[in-house]
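Remarks on the structure that follows.
The values are calculated or read from the model by the stated rules, or taken from the named source; none is laboratory data. These numbers were taken from a predicted model, which means no experiment stands behind them. Cβ coordinates were reconstructed from backbone atoms using ideal geometry, including for glycine residues, and neighbour counts include every protein chain displayed.
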Amino acid sequence: MNGAATERASRRSRGALLVVPALLWLAVFAIGPLVFLTCVSFWTATAFGLSTDLTTKAYASIATEPVYARVLWQTLRIAIVTTLLALLVSYPLAMFLARLRGGAKTAAVVLLFLPFWTSYVVRTFVWLPMLGRNGLINQLLLGMGIVDKPIDWLLYNEGAVYVGLVYVYTLYMTLPIYLSLDRLDPALVEAASDLGASPLQAFRRVILPLSLPGVWSGCTMVFLLACGAYVTPQLLGGPSGQMFGNVIASQFLNATNWPLGAALSIVLVAVVMAFMLLAIRKLGLQRIFMGERG
Amino acid sequence: MSRDQSRSGGVDRREFLKWSAAAGLGTFGGLAQAQAGATLDVLLANALVGGPLKGILEKEANIKINDAPFQSSTDVVSRLVAPGGTGRFNLMMSHSIFSRGPILGEKAGAEKVSAVDLKRVPNFAQVADTFKSEIIDRDGKVYGVPVMWGYDSVLFNKDQVPENDAYTQSWGCIFEDKYAGKIGWFDTAHQMIMAAALYLGKAKPEQLDQNELNEIGKFLIAKKKNVRTLWTSFAQAENLLASGEIICTFGPIPVRYNLQKKNFPITNAWCKEGVLSFVQTAYIPKDSKNQEAAHAMMNAMLGKSYASQLSPVSGYLSASKLGAQDLSADERKRWGYGITEGTTRHYPLRMPPNLTNWIEVWSRVKSA
Amino acid sequence: MSTAKRNAMPWLLRGYAGMFYLFLYAPIALLLALSFNDSQVMGFPFKGATLKWYGEVFTDGRLLDSIVNSFAVGLVAALIATVLALLAAMGLRHSFPGRDAVIPLMLVPIITPGIVSGVLLYVSFGIAGVPYGLWTAVLAAHVSWVLPFAFLTIYPRLHRFDRSLEEAAMDLGATPVVVFRKVVLPLIRPGIIATLLFSFTLSFDEFIRTLFVAGSERTTPVYLWLLIVEQMAPFLPAVGVVIMLISVTVAALGFWVSGRAGKLAKQFER
């Protein structure tokens, strides 16, 4: 008996080695570069290139120039609102999908995926001819006589950014919620109403709590994705359509100010990670990502 | 600034390999190394060797040209100063204002490019007088030769904006209220702040101090309400003008040119405060092979066949006197040679010493 | 209450679903309509119908190349990421010091915003002197991006897995490899296929990181982006439609294959 137990123990420790390849990959391509970028953020940009003289000038600029804090706050705000909007839009659909059966269910799920098989670039661009001055919506409104001049405020403002972001992220929100609702045993809901619960109570007491893991999973993904948004705000956001991703990009594209760009990136990652840790602490990591107990 | 004017004309999208990604210490592997004496790897605005222009150069200099995707002048310079950057390309071109410092290095002996052997570039004598100040030299040796130049001005839809109007022929067209809601701005700190500074009457915009910069920032923030949107790529600008979302905007040459070729009624104004002119210089990285062939290409670019075709094909203008030689007065005015002749007012896009502050102000304008 | 009433889909939900799908598909329909628009501008007004944009798409060698590139990179990235994720998920079933830190580490690429990741790889590869290119930087970027999602997909499946089956097999003398092939693999096959498909989809659509590290060979999203940046793109809707059709076909194949595999596995599932 003891021999078998020791066998198993040594198999287990050997088994732990299986995580090494993945961790190694991440160390080289994700974590290593992040560490390296931190170093770059302390270097100096000169007219002749990057010099390794250490300085905290980049971080000092970020701390003293209010525009960075303002854009960061704006980005977080937009990301949170986008997440909530995506949740509102996607949750009922997830409920709908979970209740379907058989062929209709497969069809509906496939139909959900389908638009996401055009390119992300196309999916964002298409809002221009949709919302623009000569776009589809304006043409319809003009044609039906509802307005006599094209509406300007459909595009090139924060609202358009929300539309664009929610549109490209809705799958990431719908899918996890649908998966966790799908595991829901309909017998539970029946039991609740057998016991006299109204549909609303059944929802609040049975459905909602059980869908929470999926909700948190979806919210996390959408929030993280929205924080890093770059193309959508630039394309649809108009003169004030700037998010933190754009600010970072311009340091590398327009200025060769790598230390500042690096510092801004580190700040963004740090803030996002802080949010994540908050979420993990409040809800337990297992629940967020594993979607079920244990 | 770096997101600059030297994009290609809209001839055939297959011919273009450009992309809008980053500047910086990149190295571009995978380009075929030059065969002995024949093939040159060049990094310059692809429009400059687009269409028939490439054939003209290849024939005259007896070379074959491999042009890599051009992103921006800042990127070209970064490639040069990157480790190993002095041997990757045979000929490079970028805005002179970004090139001077990095090419020459901090002191004599630190140059990253070869001194140009002027005996091999006889057309050097054809460089127009206006551009002699753009020649990059040190201690009597020439390192960078101006080859092409261009200008930014105001672009407008002449069906909706009267052309012969004092309001139109001024930078104010894209700042003031008349066309509110139909104006587009180029999303770049350098050019936009320069234009605003000229409009506000600053004599030397590149020497703005922090107070003046802040003042211009406030002005731009106040005028932002008239702007429909900012654009980052020339294609975006073309789309906006062509679809009627905007009717006037900050205007680089390729945007106007491409739209005109597609028969859109877009033309440029000659701003009374001065259009913004820029020059691009060519240089030969010091560790590249085929230096002789590179010299031949440089010479051909200043020669008659190339220079006279440059404007019709790409819209850009040649720094060589031979470019404008056979044009009629009307053609010269249209292409913009009035700038060299002194009949059109212009101001060079000079590099401010505190560019980082300019970018900060622009970020402030954008987030307001 | 009657069973029928309790199980019936509330009409409110149905109505909402209808509106949702309308919202989802209106842009797609617009795309389809614009792909036939004989106009130099991508958008209205509609100037007559034409097939020329589709003609351009099908004769554009670069676009077709980019699609091939995207597929190739997607497949390889999906395979690598799935393998790495599977190994990691299996390793995590054992306890070892530092085990709790592994999951957060696996999630770093998601936490790092796209633009930052792109820049990271751009800078790192640039300084290391490694040339940018499809099978160097782009593949690395895609695998890193996809790995956390692959892990999140496969880990719950494996976690649910009853190890007593494996341990019994090993007690009977089977080597770990055999145990994996004969016991574990058949049961988690649907999960693996799901992971592969999801990974492939993510890689195919990945754009912002690739933009920074692509060399002269493009993936489809990067190619599209560059087209849009270079010039007005009246052919863009046609390109979008074509890509969608190709993806649908491939996905249909994928589902068909996994359906067959799933049927087999279902015989053994609890």
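Here is how the numbers come out for the structure above:
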| item | result |
| --- | --- |
| Residues of the stretch C:110-131 satisfying the condition of being away from chain B (no Cβ under 14 Å), under 27 Å from A:Trp43 (Cβ atoms) and in a helix (DSSP H, G or I) | C:Ile111 |
| Count - residues of the stretch A:88-125 that are surrounded by fewer than 20 Cβ atoms within 10 Å (Cβ to Cβ), over 20 Å from C:Thr219 (Cα atoms) and of a type in the set (Ser, Thr, Tyr) | 1 |
| Residue match in the stretch B:32-50 (condition: modelled with pLDDT under 75 and closer than 27 Å to A:Thr46 by Cβ) | no |
| Output for the stretch A:232-268, where each listed residue is modelled with pLDDT of 85 or more, more than 10 Å from chain C (Cβ to nearest Cβ), in a loop (DSSP other than H, G, I, E, B) and touching a Phe, Trp or Tyr at 6+ places or on another chain (Cβ under 9 Å) | A:Gly237 |
| Pairs where the first residue, in the stretch A:212-235, is more than 24 Å from A:Ser180 (Cβ to Cβ) and the second is of a type in the set (Gly, Ala, Ser) and modelled with pLDDT of 85 or more, C-beta under 6 Å, 6+ apart | A:Gly228/A:Gly245; A:Ala229/A:Gly245; A:Tyr230/A:Gly245; A:Thr232/A:Gly164 |
| Output for the stretch C:121-133, where each listed residue is crowded, with 20+ Cβ neighbours inside 10 Å and either within 22 Å of the chain's Cα centre (by Cα) or farther than 20 Å from A:Cys39 by Cα (or both) | C:Leu121, C:Tyr132 |
| Pairs, first within 7 Å of chain C (Cβ to nearest Cβ) in the stretch A:8-33, second modelled with pLDDT of 75 or more and not in a helix (DSSP H, G or I), C-beta under 6 Å, six or more apart | A:Arg12/C:His94; A:Gly15/C:His94; A:Ala16/C:His94; A:Ala16/C:Phe96 |
| Count of residues meeting criterion [at pLDDT 75 or above and under 17 Å from A:Leu18 (Cα atoms)] in the stretch C:146-160 | 7 |
| Pair list, Cβ < 9 Å and 6+ apart or interchain, from the stretch A:101-116 residues that are within 14 Å of C:Phe20 (Cα to Cα) to residues that are surrounded by 11 or more Cβ atoms within 10 Å (Cβ to Cβ) and of a type in the set (D, E, K, R) | A:Pro115/A:Arg123 |
| Unique match (being at pLDDT 75 or above, over 23 Å from A:Trp73 (Cβ atoms), out of contact with any strand residue (DSSP E or B) (no Cβ under 6 Å at 6 or more places or on another chain) and assigned to a helix (DSSP H, G or I)) among A:Val189, A:Val206, A:Val271 | A:Val206 |
| Some residue of the stretch A:159-171 being facing chain C (nearest Cβ under 9 Å), of a type outside the set (A, V, I, L, M) and either under 30 Å from C:Trp11 (Cα atoms) or touching a residue at least 24 places away in the same chain (Cβ under 8 Å) (or both) | yes |
| Subset tally (residues that are more than 13 Å from chain A (Cβ to nearest Cβ) and either among the acidic types (Asp, Glu) or buried (at least 18 other Cβ atoms within 10 Å of the Cβ) (or both)) for the stretch C:72-109 | 2 |
| Verdict on C:Ala214 being buried (at least 23 other Cβ atoms within 10 Å of the Cβ), of a type outside the set (Val, Ile, Thr) and more than 17 Å from the chain's Cα centre (by Cα) | yes |
| Options B:Ala235, B:Ala197: the member that is within 14 Å of chain C (Cβ to nearest Cβ), without any contact (Cβ under 8 Å) to a residue 40 or more places away in the chain and of a type in the set (A, V, I, L, M) | B:Ala235 |
| Any hit, the stretch B:350-361, residues being in contact (Cβ under 8 Å) with a residue 60 or more places away in the chain, assigned to a helix (DSSP H, G or I) and closer than 18 Å to B:Ala203 by Cβ | yes |
| Failed condition for C:His94, given (1) free of Cβ contacts under 8 Å to residues at least 60 places away in the same chain; (2) part of a helix (DSSP H, G or I) | (2) |
| Residue in the stretch C:62-85 that is within 30 Å of A:Leu136 (Cα to Cα), modelled with pLDDT under 90 and hydroxyl-bearing (Ser, Thr, Tyr) present | no |
| Among (1) assigned to a loop (DSSP other than H, G, I, E, B); (2) without any contact (Cβ under 8 Å) to a residue 60 or more places away in the chain; (3) not polar (S, T, N, Q) - the single one B:Val116 does not satisfy | (2) |
| Wholly enclosed helices (runs of 4 or more DSSP H) of the stretch A:44-119 bearing at least 3 residues closer than 30 Å to C:Val239 by Cα | A:66-99, A:102-113 |
| Helices (runs of 4 or more DSSP H) lying entirely in the stretch C:160-229 (those with 3 or more residues that are farther than 15 Å from A:Tyr120 by Cα) | C:163-171, C:176-179, C:185-205 |
| Residues of the stretch C:34-71 that turn out to be more than 13 Å from chain A (Cβ to nearest Cβ), of a type in the set (Ser, Thr, Tyr) and either closer than 23 Å to A:Thr124 by Cα or touching a Phe, Trp or Tyr at 6+ places or on another chain (Cβ under 9 Å) (or both), as a count | 2 |
| Of all residues making up the stretch B:260-284, the number that are closer than 19 Å to C:Pro234 by Cβ and buried (at least 24 other Cβ atoms within 10 Å of the Cβ) | 1 |
| Within the stretch A:69-87, tally of residues that are over 14 Å from A:Leu175 (Cβ atoms) and either buried (at least 19 other Cβ atoms within 10 Å of the Cβ) or of a type in the set (A, V, I, L, M) (or both) | 13 |
| Residues (surrounded by fewer than 17 Cβ atoms within 10 Å (Cβ to Cβ) and aromatic (Phe, Trp, Tyr)) located in the stretch A:130-164 | A:Trp153 |
| Test: residue in the stretch A:47-57 that is touching a residue at least 12 places away in the same chain (Cβ under 8 Å), touching an Asp or Glu at 6+ places or on another chain (Cβ under 7 Å) and at the interface with chain C (Cβ under 10 Å from one of its Cβ atoms) | no |
| Failed criterion for B:Thr229 (all others in (1) buried (at least 24 other Cβ atoms within 10 Å of the Cβ); (2) touching a residue at least 60 places away in the same chain (Cβ under 8 Å); (3) touching a helix residue (DSSP H, G or I) at 6+ places or on another chain (Cβ under 6 Å) hold) | (2) |
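Table: residues versus (1) of a type in the set (Phe, Trp, Tyr); (2) away from chain C (no Cβ under 12 Å); (3) under 21 Å from A:Gln74 (Cβ atoms).
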site: A:Pro199; (1), (2), (3): no, no, no
site: A:Ala202; (1), (2), (3): no, no, no
site: A:Cys219; (1), (2), (3): no, yes, yes
site: A:Cys227; (1), (2), (3): no, no, yes
site: A:Tyr230; (1), (2), (3): yes, no, yes
